[in-house]
């Protein structure tokens, strides 16, 4: 399993890194569009659609994202859109997590499909806008999610259950602990202030997201990164809720050793739009 995970990760890096660092953003747009379409197919399958309908859902994602691209939205400032999307993520995810696994299947399937496919398309738009601002800007947001995940994993294994007896969300993801969440937040704070220091010390051409947010003050940056770390956990929990409702362990087997595309991108679904919201205001 470990060998399979490593091989898959290396192949993904061989695809993503050249597109990410290419001088023009178009190859990155196209490649990430393929992944979003695959995630749309997975979302439809987990919500009870058959193969043909799930493939159609993937095409809906392609058409939706292509529409954003064709309309020139990638290069437009969209503060109101990101404010609406950010608030929707906070409110709807709180509602879904509070309602629990049993309630998810009771919601109308068209509503579940619209919410999921819409979230995927808007994540692609946020990712595309971040890439257009600059590679350092986009990488700093993605690294926040990775730092939160890595910090949560190691602190959860080392400290899970030592300070709190209750799990984070035992009915949704029994393995997650509050200690893991706190460790992830600590890792994100260290990353944010370290990255900003590098930006300022070496006068980077394209400042990171942390430098943009940090220009509004130390406290603002601290609150922003802790909030983002928390929402990355929320993204993970939402996908876990949907998988548990569907009775599956992974969103698919598209990425050997890693599960599906949604299993890899669940945490960035809320964080990228929220990053653009905080950047815009």
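The values are calculated or read from the model by the stated rules, or taken from the named source; none is laboratory data. As the structure is a computational prediction, the values presented were derived from the model and not from experiment. Glycine gets a Cβ as well: all are built from the backbone with ideal geometry, and neighbour counts include every protein chain shown.
Consider residue 10 carefully, then state whether it is loosely packed, with under 12 Cβ neighbours inside 10 Å, under 27 Å from residue 274 (Cβ atoms), out of contact with any helix residue (DSSP H, G or I) (no Cβ under 7 Å at 6 or more places or on another chain) and at pLDDT below 95.
Criteria not met by residue 10.
Sort out for me the helices (runs of 4 or more DSSP H) sitting completely within the range 91-193 that have 2 or more residues that are within 18 Å of the chain's Cα centre (by Cα).
It comes to 109-133, 135-159.
Can you find a residue in the range 65-80 that is in contact (Cβ under 8 Å) with a residue 40 or more places away in the chain, in contact with a strand residue (DSSP E or B) (Cβ under 9 Å, 6 or more places away or on another chain) and assigned to a helix (DSSP H, G or I)?
no
Within the range 195-224, work out how many residues are in a helix (DSSP H, G or I), surrounded by fewer than 17 Cβ atoms within 10 Å (Cβ to Cβ) and in contact with a helix residue (DSSP H, G or I) (Cβ under 8 Å, 6 or more places away or on another chain).
Number of matching residues: 3.
Taking the stated definitions as given, is residue 53 in a helix (DSSP H, G or I), more than 19 Å from the chain's Cα centre (by Cα) and either surrounded by fewer than 18 Cβ atoms within 10 Å (Cβ to Cβ) or without any contact (Cβ under 8 Å) to a residue 60 or more places away in the chain (or both)?
So residue 53 fits the description; yes.
What number goes with the only condition from (1) more than 30 Å from residue 61 (Cβ to Cβ); (2) touching a helix residue (DSSP H, G or I) at 6+ places or on another chain (Cβ under 6 Å); (3) surrounded by fewer than 21 Cβ atoms within 10 Å (Cβ to Cβ) that residue 156 does not pass?
(3)
What do you reckon, is residue 192 closer than 26 Å to residue 96 by Cβ and crowded, with 18+ Cβ neighbours inside 10 Å?
Here the answer is no, as residue 192 does not meet what is asked.
Scan the range 66-88 and tell me whether some residue there is exposed (fewer than 13 other Cβ atoms within 10 Å of the Cβ) and under 21 Å from residue 39 (Cα atoms).
yes
Go through 247, 257 for me and flag whichever is surrounded by fewer than 23 Cβ atoms within 10 Å (Cβ to Cβ), touching a helix residue (DSSP H, G or I) at 6+ places or on another chain (Cβ under 9 Å) and at positive phi.
257
Quick check, is residue 86 touching a residue at least 60 places away in the same chain (Cβ under 8 Å), in contact with a helix residue (DSSP H, G or I) (Cβ under 7 Å, 6 or more places away or on another chain) and closer than 21 Å to residue 221 by Cα?
So residue 86 fits the description; yes.
Output the number of residues of the range 15-50 satisfying the condition of being free of Cβ contacts under 8 Å to residues at least 60 places away in the same chain and closer than 23 Å to residue 247 by Cβ.
Selection size over the range 15-50: 1.
What single numbered condition from (1) at pLDDT 95 or above; (2) more than 30 Å from residue 24 (Cβ to Cβ); (3) surrounded by fewer than 18 Cβ atoms within 10 Å (Cβ to Cβ) fails to hold for residue 134?
Condition not satisfied by residue 134: (2).
Results for (1) touching a strand residue (DSSP E or B) at 6+ places or on another chain (Cβ under 6 Å); (2) at pLDDT 95 or above; (3) closer than 18 Å to residue 126 by Cβ, shown as yes or no for each residue.
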site	(1), (2), (3)
204	no, no, no
226	no, yes, no
255	no, no, no
259	no, no, no
272	no, yes, yes
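Checking the conditions here, which among 58, 40 is crowded, with 16+ Cβ neighbours inside 10 Å, more than 29 Å from residue 227 (Cα to Cα) and at pLDDT 95 or above?
That would be 58, the only listed residue that is crowded, with 16+ Cβ neighbours inside 10 Å, more than 29 Å from residue 227 (Cα to Cα) and at pLDDT 95 or above.
Restricting the search to the range 236-253, which residues are out of contact with any strand residue (DSSP E or B) (no Cβ under 8 Å at 6 or more places or on another chain) and in a loop (DSSP other than H, G, I, E, B)?
Across the range 236-253, the qualifying residues are 247, 248.
Within the range 259-275, which residues are over 13 Å from residue 231 (Cβ atoms) and in contact (Cβ under 8 Å) with a residue 24 or more places away in the chain?
Residues satisfying the conditions are 260, 261, 262, 263, 265.
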